Amino acid sequence: MTQNSSSVPLAVWPCAQRSCREQRRGRYLSASSCHPGELLPALARRVVDTYSDPGDLVVDPCCASGTALVEAVHLDRDALGVEADDTCADVAARNIEKARSKGAPGRARVLAGDGRDLPRVLARTEARELLPTPSAQVAPLPYATAALVLTAVPSARPAALAQFAASAAAVVKPGGFVVLVIDRRRAGSALAGELVQLLQRLGLLYWQHVVGLVAEIRGDQLRCRGRRARGAAMTTCHEDVLVFRRPEVKR
């Protein structure tokens, strides 16, 4: 069933009452990035807390410096990140070590690979050490073990988007969520509509649209943070967060 976007619940989440740098201070390595394509820790934490439970598996197919993984393990989730860039993967792994040293109860691992090929990556031995035992409910899709797939959308190219969406949809279990963050440089663009159509064609339900504010709320005003998007007439003060859900298996 294809849903009308106007019928999807809309929420607004303040995510930048503190700057990205302040959110990362003492919790992440200084080498961790604060560029617009990186998930804000406050946003990642809220997504993990809202769309998964303690003990669940969270997957980020383009984990960069590991923001989603770090916030997941602090909230007692297990996490797997996939990253093609060796430098970023190393920073992500060290951020996880830092989180564990501070008492984060969850387990996490960063795997080198292509996020467009998640089922194959998650079948590797080092990934399966973190995978929960498949239940009878997910037997038809033995690799569909993630309760939450969370990532910043890495590309706007149609072919790459289609591969990325199919890969994310394949690894989320029935009842689980795929949450895609469109960063402030592309927020409000046609990209959101393209992703909605792709995920719906793959059988996922368009569950919620969240406006993630990357601006500080001061009284009745917004104080935008960060640099002006290239070519934009004004600074973008939000990120689009698209939430999809795989339907439960009917018994």
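Taking θ as phi - 60° and the Karplus parameters 6.51, -1.76 and 1.60, the scalar couplings of segment 58-75 work out to 10, 10, 10, x, 9, 7, 6, 8, x, 4, 4, 5, 4, 5, 5, 5, 5, 9 Hz in sequence order, x denoting glycine and proline.
Kirkwood Rh, Cα Rg: Rg to Rh for segment 1-120?
Taking Rg over the Kirkwood Rh, I get 0.99.
Dividing the alpha-carbon radius of gyration of the chain by the rule-of-thumb value 2.2 N^0.38 Å gives 0.96. Placing a label point 7 Å from the Cα of ALA156 along the Cα-to-Cβ direction, no residue of segment 54-90 has its backbone N under 18 Å from that point. The calculated FRET efficiency for ASP49 paired with ARG21, based on their beta-carbon distance and R0 = 22 Å, is about 0.50. The ranking of HIS209, HIS238 by Cβ neighbour count inside 10 Å, starting from the fewest, reads HIS209, HIS238.
Ordering ILE217, ILE182 by the number of other Cβ atoms within 10 Å of each residue's own Cβ, fewest first, gives ILE217, ILE182. Label point 7 Å out from ASP90 along Cα-to-Cβ: which residues of segment 104-133 have amide N under 16 Å? Backbone N within reach: 110-113.
Read the figures in this text as sums done on the coordinates, not as results from a lab. The structure presented is a predicted model; accordingly, all values stated were derived computationally and were not measured. Please note: Cβ atoms are built from the backbone with ideal geometry, for glycine as well, and neighbour counts cover all protein chains shown.
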